[in-house]
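What follows is one structure encoded as structure tokens, with my remarks underneath.
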Amino acid sequence: MLDSQKKNAFHECGHAFLALLFEDEFDLKGVSLTPEIYSAYVNTKDWGAVAHISPKKHMLKRPTWEFTDKLILTLWGGLITQNIYINGTGSFKQNINKYILNTELLDRNGFVGDWDLINQYMPELLRVRGISYEEYKIGLMKFLFDYFFIEEVWSAINSFSQLIMSKENVSLTESEIKDHLKHIGFFKYLNRHRHSILQRRYNISFKKRMKYFLKSLF
């Protein structure tokens, strides 16, 4: 039987590592597995949830379809990483098309709250983009799998989850997260490759490309 707390550690890492990828839209404030604060929920004034991942204020003032898309991806990230952990990366890669085409096969334990939030935003996003749910879901799943199957990303997620589990309070603060990911070299990797990862789904402006390049030098 799988350790449920470890599975939830991977689930929360999924949320966290999407927030790190989408640094222009979100701030990662912390991750916790305590009963009182059992996730890396996204927080807005309306939801009043724990502010582990907080949308940047300018995004809440004028949300775009891209911001909504990144919000949905961040929520889906937990489901994907917990399933990769449960099945193992090798097995999951071999059966990836099966999961993309039939998400009902995915383990959804711990995903109910995320799904409720997604359903608030999905109809409007589909209307704006003029695509079906199935078409949107396939693109979303492919993007998430491509990101999490990057060797450096999954290695950092493993390291991150082990660090959470090693803490007496099974929680990490914002400063602890930054210190650890800087120490293992993940921030340098992400800044160096953020543009190419995001380019698979979004148009990245020259200004942002330059910003990521400059950050990758330090």
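The values are calculated or read from the model by the stated rules, or taken from the named source; none is laboratory data. Given the structure is predicted, the values throughout are model-derived calculations rather than measurements. We place every Cβ from the backbone using ideal geometry, glycine too, and count neighbours over all the protein chains shown.
Go through the residues of the range 40-54 one by one and say whether even a single one is modelled with pLDDT under 85 and in a helix (DSSP H, G or I).
For the range 40-54, residues modelled with pLDDT under 85 and in a helix (DSSP H, G or I): absent.
Would you confirm whether any residue within the range 122-139 is hydrophobic (A, V, I, L, M, F, W, C), touching a residue at least 40 places away in the same chain (Cβ under 8 Å), surrounded by 15 or more Cβ atoms within 10 Å (Cβ to Cβ) and more than 21 Å from VAL31 (Cβ to Cβ)?
First pass over the range 122-139, keeping only residues hydrophobic (A, V, I, L, M, F, W, C): 122, 125-126, 128, 131, 138.
Keeping just the survivors that are touching a residue at least 40 places away in the same chain (Cβ under 8 Å) gives 122, 125, 128.
If we keep only those that are surrounded by 15 or more Cβ atoms within 10 Å (Cβ to Cβ) too, we end up with 122, 125.
Now drop any that are not more than 21 Å from VAL31 (Cβ to Cβ), which leaves 122, 125.
Yes, the range 122-139 contains at least one residue that is hydrophobic (A, V, I, L, M, F, W, C), touching a residue at least 40 places away in the same chain (Cβ under 8 Å), surrounded by 15 or more Cβ atoms within 10 Å (Cβ to Cβ) and more than 21 Å from VAL31 (Cβ to Cβ).
Residues that are closer than 19 Å to HIS11 by Cβ, within 17 Å of the chain's Cα centre (by Cα) and modelled with pLDDT of 85 or more: does the range 55-71 have at least one? Steps first, please.
Of the range 55-71, the ones closer than 19 Å to HIS11 by Cβ are 70-71.
If we keep only those that are within 17 Å of the chain's Cα centre (by Cα) as well, we get 70-71.
Those still in the list that are modelled with pLDDT of 85 or more too: 70-71.
For the range 55-71, residues closer than 19 Å to HIS11 by Cβ, within 17 Å of the chain's Cα centre (by Cα) and modelled with pLDDT of 85 or more: present.
For the list (1) free of Cβ contacts under 8 Å to residues at least 24 places away in the same chain; (2) under 22 Å from TYR85 (Cβ atoms); (3) among the hydroxyl-bearing types (Ser, Thr, Tyr), I need the number of the one condition that SER159 fails.
(1)
Determine if the range 148-159 includes at least one residue that is outside any loop (DSSP other than H, G, I, E, B), within 17 Å of ILE100 (Cα to Cα) and not basic (Lys, Arg). Quick ask: steps written out before the conclusion?
First pass over the range 148-159, keeping only residues outside any loop (DSSP other than H, G, I, E, B): 148, 151-159.
With the extra rule that they be within 17 Å of ILE100 (Cα to Cα), the set shrinks to 148.
Narrowing further to those that are not basic (Lys, Arg): 148.
Within the range 148-159, one or more residues are outside any loop (DSSP other than H, G, I, E, B), within 17 Å of ILE100 (Cα to Cα) and not basic (Lys, Arg).
Quick one: which residue in SER161, SER171, SER175 is among the hydroxyl-bearing types (Ser, Thr, Tyr), within 23 Å of ASP27 (Cβ to Cβ) and at pLDDT below 90?
On the way: SER161 fails: at pLDDT below 90; SER175 fails: at pLDDT below 90.
After applying the criteria, what remains is SER171.
Could you give every pair whose Cβ atoms fall below 7 Å, whose first residue belongs to the range 59-87 and is over 22 Å from GLU104 (Cα atoms) and buried (at least 16 other Cβ atoms within 10 Å of the Cβ), and whose second residue is at pLDDT below 90 and hydrophobic (A, V, I, L, M, F, W, C), counting only separations of at least 6 or pairs across chains?
Matching pairs, first to second residue: PHE67/MET59; THR68/LEU125.
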